[in-house]
1. For helix 128-147, what angle does its Cα long axis make with the longest principal axis of the chain, in degrees from 0 to 90 and rounded to 10?
2. Between Glu22 and Ser183, what is the label-point separation in nm under the 7 Å Cα-to-beta-carbon projection?
3. Suppose we keep just the DSSP beta bridges with both residues in the chain; what percent of those would be antiparallel, to 5?
4. Starting from the Cα-Cα distance between Glu300 and Arg32, subtract it from 0.36 nm times their residue separation and give me the gain in nm to one decimal.
5. What shape does the range 168-225 have by the C-alpha gyration tensor, where a ≥ b ≥ c are the square roots of the eigenvalues, rounded means a/c under 1.5, and otherwise prolate means a/b greater than b/c and oblate the rest?
6. Specify the residue with the greatest mean-square fluctuation among Asp273, Asp40, Asp293, computed from a Gaussian network of the chain linking alpha-carbon atoms under 10 Å apart.
7. Considering amide H positions built from the backbone, and no H for Pro or chain starts, which residues 5 or more places from His155, or on another chain, come under 5 Å of its amide H?
8. Kirkwood hydrodynamic radius, the range 1-158, all distinct C-alpha pairs: what's the number in Å?
Amino acid sequence: MRVVVIGGTGHIGSYLVPRLVELGHEVVSISRGARRPYLDHGAWSRVESVQIDRTSAEKQGDFARAVVDLEPEAVIDLICFTAESAQQLVQKLSGRIQHYLFCGTIWIYGHSTIVPATEEGPRNPFGPYGINKALAERYLLTEARLRGFPATCLHPGHIVGPGWVPVNPAGNFNPTVFARLASGQAVVLPNLGMETLHHVHADDVAQAFVRALAARSVAIGESFHVVSPNAVTLRGYAEAVASWFGRDAVLEFLPWEQWKVTASEEEARATWDHIAHSPNASIDKARRLLGYDPRYSSFEAVRESVLWLHEQGRISST
């Protein structure tokens, strides 16, 4: 199958594109620039790479036509963030492709009401990212169920992997939190540290897209969570990180209003987003219908990323 991957050199695409090539697909990778993927792999020599600035091309009304001109049989869209972007593609791709796979987010649920949250749970999104992804999902599933457009929506959690900083036990992206835990220094967590995060390794997300592509008959018109088997609490996460370096976590706790003044504005904003969502998603549907079988637990996925940071000298354990 000729598969066009939009955003092919990013976090997910770095693992997804080689998987597709190894399965015998003809792959075209669209990216904005010439940046190398996070994961070196010999399969990239067999990939057609195309540079398109999606934002600019959409403003000109040219992006969807450029995708059509690549003559895809399937499109995997890893960087669609609005319903308007999805609509441009649907209008041009309808009747031309066998499958369109959209990368959403578990943040479409906003605050959960029952956990682990299932795909049938209510959507209560907040913040531009979650709201826009939820609107895109609603549009695509409506097009699939009422008009036959072959769309599938996959919703990853907090994507981790070697090459970038994962969300840390304080709910933000400051690598100093990992360094303090690794060196036995105290870390202050918001509230009681019982809010949750739900990580997933980028390669497990890639696996889910490959399985959804192969299970087209049951995947079209459906959405699926793509996360590790279990969410983790901030406190449990901090304790795990410290243990990887032979330490006991030294933790302190402050109510949110006091905690937020200990961090930068950017860090406090990221932490609030994560603890206000406190995602905890079920993968039962993806397991049952797609055969999704994540290789990594949350801790295993994050550990690989944190040890990579340590090896790169970006965090110290002394």
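Laboratory data are not the source of any read-out in this text; all were calculated from the coordinates shown. These numbers come from a predicted model, not from an experiment. Cβ coordinates were reconstructed from backbone atoms using ideal geometry, including for glycine residues, and neighbour counts include every protein chain displayed.
1. Approximately 30 degrees, to the nearest ten.
2. So the two model labels end up 3.8 nm from each other.
3. 5
4. Computed gain between Glu300 and Arg32 is 93.4 nm.
5. Cα axes put the range 168-225 in the prolate bin.
6. Looking only at Asp273, Asp40, Asp293, the largest GNM fluctuation is found for Asp40.
7. Answer set, sorted by chain and number: Gly104, Phe224, His225, Val226.
8. Values: mean 1/r = 0.0617 Å⁻¹.
Hydrodynamic radius (Kirkwood, Cα pairs) of the range 1-158 is 16.2 Å.
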